[in-house]
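A.B. asks: After the structure tokens below, expect a handful of questions from me.
The values are calculated or read from the model by the stated rules, or taken from the named source; none is laboratory data. Quick caveat: nothing in here was measured; it's all calculated off a predicted structure. For neighbour counting, all protein chains shown are included, and Cβ atoms are generated from backbone atoms with ideal geometry for every residue, glycine included. Heavy atoms of the whole protein, side chains included, go into the accessibility calculation; ligands, DNA and RNA do not. Shrake-Rupley method; radii C 1.70, N 1.55, O 1.52, S 1.80 Å.
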Amino acid sequence: MPVRSRSAASGPLRRRDFRFLLAGAAAGQLGAQVTLVALPLVAVLQLNAPAFQVGLLTAAETAAFLLVGLPAGAWVDRMRKLPLLIRADLVRAAAMASVPLAAVADVLTMAQLYVVALITGVATVFFDVAHQSFLPQLLPREQLVAGNGALETIRSSAQVAGPGVGGGLVQLLGAPLAIVADATGYALSALFLWRVKHPESRPQREPGAALRKDVAEGLRFVFGHPLLRMIAAATGVANLFSAMLMATQSVFLVRVLGLEPGAIGLVLSAAAIGGLAGALCAGRLAARFGQARIIWLSPLVTGPFALLWPLAGQGAGAALFSVGSGVVFFGAVVYNVAQVSFRQVLCPPRLLGRMNATLRFVMWGTLPLGALAGGALADAFGARTALACCAAGFLAVPLPLLLSPLRRMRELPDAAGEMAASGDRDPGQPSSGDCGPGRPSSAAVPDRTGADPDRTAANALTGGDVPDVPAPAGASDEPAGPPARS
């Protein structure tokens, strides 16, 4: 009978600081999901923007990952994470609050929406990189899967409730005023994060450290690792076509299916139930099939359901859009819960910011490209054709994973297991937490903390009380369409 450490048994929800982190995530995510419906509808309904301009708005929201994605990781690694998270939330709250204020003054334009989207996107880059780097400081290693799973459950719950609330607010107040909910959510998130009291010292600068050198180190770590390289490629493809969906779904639902804002919110909320189910099932699915297998199985099995999007019709036919999105959401969340925790366990703490930023640059850098492509296709050939291209693209997502060593593995290695298998380590760092791009072992690697790794992954969302079953690890991220892979 494996022996679990006391912290593994207690679960992360017993930690006060993690509860405030979770509350902040709930407030911020709910507001963001309201804006997922409201902001494109400001462009479509209030400003009567053509499809390409709606795509350009989506591109502006995500362009920051291309513009500052790589240096952001190096900067985050030099800064205390918690103050950065609070400042990013306050910037996002102020930017979003400017939209309803401009609407009330009757001076709102598409140019302002682009600027707001770009400022919010830059703040989101820093927030997301710092958030994923802060969690391993807040929780012991054996609770990372449970902590990431709890955050994913909050995110998926917001994706269920947020669009419905957003659609209702748009119908009741109009699209610009509905965005007040997002500004309020970011402000509440900053307040909850301010209550976190975890002591955090400023990271020590390494002698001779330079921004270019730090960025290059993050690139070498990610692209020198055979599993991270293929995960980045698959996720980049998924996010390319997710952005096409984000750029065209509002135009499709309003102008092709003729739905009112309240109905659009209900369609998107119904679709997001799949993401919530994925968060609740991810730990058990990883336990049943293995963490490595679930990474490629989830997009392989669920991706073909994207083909239901362009088949959706008016009236009851709109349900096809919800069903297709729901199943794809399910697979995206299961995928995220498997691979984000793997990254957090694999990476040395000193490189977490740079690794996350490098991966975000590759994975999320395709979002503005997909949004522009989706808007252009919808403008030239119609929103239904653009959705058909988007759906076909989802069939290609699992290909990099099937061509990687993942296909022959059941469990994923951790940093210690990689070094044991390769006999290598970074000569400048302690061997207990570092790893190089050595060849991954296909065998399961024992947990260095004394916690049973199989049980730990199976307990991803429960904090600890499920039967002993063979398993691995998991965690996540955000936007619309299928939740953007992290």
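A.B. asks: Which order do peptides 219-226, 357-364 fall in by mean Cβ count within 10 Å, highest first?
C.D. replies: 357-364, 219-226
A.B. asks: Moving on to the next point. Quick check on packing: order 263-275, 93-105 by the mean number of other C-beta atoms within 10 Å, highest mean leading.
C.D. replies: Put in order of decreasing packing, that is 263-275, 93-105.
A.B. asks: As an exercise, take the mean of 1/r over every pair of distinct alpha carbons in segment 154-259, invert it, and state the Kirkwood radius in angstroms.
C.D. replies: For segment 154-259, inverting the mean 1/r across all distinct Cα pairs yields 18.9 Å.
A.B. asks: Hey, another quick one. How many percent of Cα pairs in segment 1-137 exceed 23 Å?
C.D. replies: The answer is 45 percent, as a whole percent.
A.B. asks: Determine, from the Cβ-Cβ distance of Arg220 and Ala396 and an R0 of 35 Å, the FRET efficiency 1/(1 + (r/R0)^6), rounded to the nearest 0.05.
C.D. replies: 0.80
A.B. asks: Give me the one-decimal Kirkwood hydrodynamic radius in Å for segment 122-163, with the sum taken over alpha-carbon pairs.
C.D. replies: In segment 122-163 this quantity evaluates to 11.4 Å.
A.B. asks: Amide H neighbours of Arg15 under 5 Å, counting only residues 5+ apart in sequence or on other chains, H built in-plane at 1.01 Å?
C.D. replies: Here the answer is none, since no amide H 5 or more places off falls under 5 Å of that of Arg15.
A.B. asks: Could you tell me which of rounded, prolate or oblate describes segment 226-281, using a ≥ b ≥ c as the square roots of the eigenvalues of the alpha-carbon gyration tensor, with rounded for a/c under 1.5 and, failing that, prolate when a/b is larger than b/c and oblate otherwise?
C.D. replies: In terms of gyration-tensor shape, oblate.
A.B. asks: For a bin width of 5 Å, list the pair-distance distribution of segment 262-421 built from all Cα-Cα distances, rounded to whole %.
C.D. replies: 2, 9, 13, 18, 20, 16, 10, 7, 4, 2, 1, 0
A.B. asks: Rounded to the nearest 10 Å², what accessible area does Leu188 have for a 1.4 Å probe in the complete protein model?
C.D. replies: Near enough 80 Å² of accessible area.
A.B. asks: Using θ = phi - 60° and the Karplus curve 6.51 cos²θ - 1.76 cosθ + 1.60, what whole-Hz ³J(HN,Hα) does each residue of segment 149-159 get, with Gly and Pro shown as x?
C.D. replies: The phi angles translate into x, 5, 5, 5, 5, 4, 4, 5, 5, 5, 5 Hz.
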